[in-house]
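Before any comments, here is the structure.
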Amino acid sequence: MRVTVNAAARKTLSVIVVVATCAAAGLMVVRPGLGEETSAATAARFGFTAVKLNEKPVGARTERAVAPELHGIRGWISSVGAAVALADVRGTGREADVCLVDPRDDSVTLRPVPIGGGGVPYAPFALRPDGLRYDSTMAPMGCVPADLDEDGDVDFIVHYWGRSPVLFVNTGGNGVPTRFRADELIEPMALWNSGTLNVGDIDGDGHLDILVGNYFPDGARVLDPTAADETRIRMQDSMSSARNGGVNRILLTRPTGAADRKPAVVDASVALTGDAAQSWTLATGLQDLTGDGLPEVYQANDFGPDQLMVNRSVPGAVRLQEVTGARDLVTPKSEVLGRDSFKGMGVAFTYPGGAGLPMVVVSNITVPYGLHESNFAFVPDGTPQDLLAGEAPFTERSEALGLARAGWCWDVKAGDFDNDGVDELFQANGFLKGEVNRWPVLQELAIANDELLRHPAVWPRFGPGDDLSGHEPNRFWVRDASGRYSDLADRVGASFPDNTRGLAVGDVDGDNRLDVLVANQWEDSVLLLGGKGGPAADLRLVRPGAVGGFVDAIGAQVELHHPDRPQKAQLYPANGHSGVSAARLHFALPGGGPVRATITWRDTSGTHRAEVLVTPGHRTVELGPAATAVAR
């Protein structure tokens, strides 16, 4: 029997097929959620209480004075500068001192956490580069604790737009922080525009080195309103492959052997390729991925591909090899490590189940209908030997894991906030707060010819009252049993419509539960006190310094051999954009009993490995040159 379908019926059938296909496709991309009951039960494991870190300063401003050529986009130029770092300046055995950068008055202050924290209380103390060249065309962008003279007390490196970084040498020792001497980190001073700074032993000589991520071109007087004749000011030369930024720097340091003396500094930046050197870098991550005690380098870059560099250095000679991921038929180039084209602004490492290689989480612009980018979650699919062979053994899985879309994202930090042995992720969010949505004109810029992008005059106006993702809350990502993440920030007291840049994680009140310091742009910064969780250990790992006493063993790795919750972490507190966490490693101890741990570290005599028993509480582990580790 033959059935005849007329034209009208065929049209109706076609419409039905199209609608059904679209509906099916829509269901395929809907992001699954936990459900109300499961979300409530999961959120009950956490709880944050917000405490203000600072007050609005006298004469506070909400934008920067900029070069005349940049005046039309001064809102964009004014979007960074808030930063925060945790340190133990008073020698209390707890990181309860804060170095806070407030762009509202361009101040850099040391202050105690606002909930006590032990030790002698003190009024906020300003770190000013007294005696050095400094004026209103320069502005601080971050503050990084680093005991570069290795005398056992905390020094600070402050980096700026408009000048090279300044080393603030602690000349008063542990106690009330009122005695610091400002020294030029490099001589003569240079005009850099540094957006991020990290520390770690890059060449493997046992001493801290410095990785500086510069943004605008060297010499460009970005914050000088009189610089009408400035020819070095330019924006990115591509929306997806910009390589015309300031030159990133690797600075090797070696202590003199005398307390309170600036170390010898050698520029080893020639180890970076041209692309890596002139990327518009906003975040860096150090992590030993090959097991040799040398940190690989991840650069998260704005407007262009990130770089993962395998470290093959020897003491005094930095050797880095860029590696890239492989692309298959179903993976967009934008999601291949080293070939990506998004806007990297934060990076963190987490080891689910104590895995051999970490998942690498990278923050990007992830706004719906806003450039259509995503965060990255580079999940390992190979071995360290692949890295040594010149390949990146990672596959991008952010969408499958629920992490792809979050907002205009900045710093990201991993930490176990309920002490169950599984890391959560805290992610900063927001860009330019106003009332007029300017995303449509930014989209127009994004599809324009790359040849135009470098010229500030062709950019849309971004000024007072304009909004670009300015009301997006920070994210608190919780991993479920299937491995997917869900954002529970609004349920756990971590969701605020501030524009956050830097995050610092640590146990500031000594209750063995992680807290978070949140550095906000043009608004008050806050401390989020964590209040729930079972037994845990906070380990301070120290090794002998060059002068005497002990210094933090930056770069050390701990593998916790818990029978139910194996865990792993490395000590790189300054990873990310502009937040520096406490120089401790935090581990959950379900059951509360002692757990065996393996520690690996590097010092001036080479690499070492030792085992300790980890018990709940705050512990200091002294790492000796003879491969000894003593927990106290």
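The values are calculated or read from the model by the stated rules, or taken from the named source; none is laboratory data. Keep in mind the model is a prediction, meaning the values are calculated, not measured. With ideal geometry, Cβ positions are generated from the backbone for all residues, glycine too; neighbour counts draw on all protein chains shown. When the accessible area is computed, the model is the full protein with side chains, heavy atoms only, and any ligands, DNA or RNA have been set aside. Shrake-Rupley method; radii C 1.70, N 1.55, O 1.52, S 1.80 Å.
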Probe 1.4 Å, all chains present, heavy atoms only: residue 554 accessible area in Å², nearest 10, is 30 Å²
Modelled label-to-label distance, residue 444 and residue 511, 7 Å Cα→beta-carbon offset: nm? 5.2 nm
What percent do you get for the relative contact order of the chain when only Cα pairs under 8 Å and 6+ apart count? 15 percent
Tell me, what is the Rg over Rh of the stretch 131-242, with Rh the Kirkwood radius over Cα pairs? 1.03
Out of 573, 599, 324, whose Cα points farthest toward the positive end of the dipole of the chain (charges: +1 Lys, Arg; -1 Asp, Glu; placed on Cβ)? 324
Around residue 319, what is the net charge, scoring Lys/Arg as +1 and Asp/Glu as -1 over all other residues with Cβ under 11 Å from its Cβ? 0
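Distances longer than 22 Å among the Cα atoms of the stretch 24-151: what percent of all pairs is that?
Across the stretch 24-151, Cα pairs with separations above 22 Å total 58 percent.
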From the protein chains alone at 1.4 Å, what is the descending order of accessible area for 275, 306, largest first? 275, 306
Please give the Cα centre distance for the stretch 272-350 versus the stretch 455-522, rounded to the nearest Å. 24 Å
To the nearest Å², the heavy-atom accessible area per residue of the chain with 1.4 Å probe amounts to 37 Å²
Karplus-derived 3J(HN,Hα) from phi for the stretch 52-69 (6.51 cos²θ - 1.76 cosθ + 1.60, θ = phi - 60°), whole Hz, x at Gly and Pro, runs 5, 8, 8, 10, 4, x, 4, x, 4, 10, 10, 7, 9, 6, 10, 4, x, 5
How far apart, in nm, are the 7 Å Cα→Cβ label points at residue 49 and residue 369? 4.2 nm
Given all pairs of different Cα atoms, what value in angstroms does the Kirkwood hydrodynamic radius of the stretch 517-575 take? 15.1 Å
Per 0.36 nm of contour for each residue apart, how much would the distance between residue 481 and residue 385 grow if the chain were fully extended, relative to their Cα-Cα spacing? 31.6 nm
Using only Cα atoms, figure out Rg for the chain and give it as a multiple of 2.2 N^0.38 Å. 0.96
For the table 333/433; 52/433; 413/532, the rows whose alpha-carbon distance is greater than 25 Å are 333/433
Set the Förster radius R0 to 56 Å, insert the Cβ-Cβ distance between residue 120 and residue 329 as r into 1/(1 + (r/R0)^6), and round the FRET efficiency to 0.05. 0.35
May I ask what percent, to the nearest 5, of DSSP beta bridges between residues of the stretch 484-632 are antiparallel? 85 percent
Residues in the stretch 446-461 near a label at residue 63, defined as backbone nitrogen under 20 Å from the 7 Å Cα→Cβ point? 455-461
Rounded FRET efficiency, nearest 0.05, which uses the C-beta distance separating residue 471 from residue 36 and R0 of 25 Å: 0.55
Whole-number D in µm² s⁻¹ for the stretch 178-227, Kirkwood Cα-pair radius fed into Stokes-Einstein, 25 °C, 0.890 mPa s: 183 µm²/s
Only four residue types carry charge here, +1 at the Cβ of Lys and Arg and -1 at the Cβ of Asp and Glu. Report the dipole size of the chain about the Cα centre in Debye, rounded to the nearest 20. 1020 debye
Given the options 421, 364, 250, identify the residue whose Cα lies farthest towards the positive end of the charge dipole of the chain (+1 on Cβ of Lys, Arg; -1 on Cβ of Asp, Glu). 364
Rounded to whole Å and sorted largest first, list the principal axis extents of the Cα atoms in the stretch 477-632. 51, 38, 26
Overall form of the stretch 289-399 per C-alpha gyration tensor (a/c, 1.5; a/b vs b/c): prolate
Equivalent ellipsoid semi-axes, the stretch 88-164, via Cα gyration tensor eigenvalues times 5, rooted, Å: 24, 15, 9
Row for the stretch 574-632, column shape: gyration tensor on C-alpha, a ≥ b ≥ c, rounded if a/c < 1.5 i.e. under 1.5, prolate if a/b over b/c, else oblate; value oblate
When the solvent-accessible surface of protein heavy atoms is calculated with a 1.4 angstrom probe, in what order do 564, 105 fall, highest first? 564, 105
Tail fraction, Cα-Cα pairs, the stretch 215-279, threshold 16 Å, whole percent: 61 percent
Note down the accessible area of residue 178, probe 1.4 Å, to the nearest 10 Å². 80 Å²
Per-q log10 I(q)/I(0), the stretch 459-535, q = 0.13, 0.14, 0.20, 0.22 Å⁻¹ (Debye; single scatterer per alpha-carbon; no solvent): -0.52, -0.59, -1.00, -1.12
With every protein chain in place, the accessible area of residue 189 for a 1.4 Å probe, in Å² rounded to the nearest 10, comes to 50 Å²
Distance (nanometres) between label positions extended 7 Å along Cα→Cβ at residue 524 and residue 454: 4.5 nm
Counting only GluC sites (Glu not before Pro) that sit in a DSSP loop (anything but H, G, I, E, B) with at most 14 other Cβ atoms within 10 Å, what is the longest stretch of the chain containing none of them? 56-434
Over the stretch 62-114, volume per residue of the alpha carbon convex hull, in Å³: 75 Å³
Gyration tensor (alpha-carbon) shape descriptor, the stretch 388-472, a/c threshold 1.5: oblate
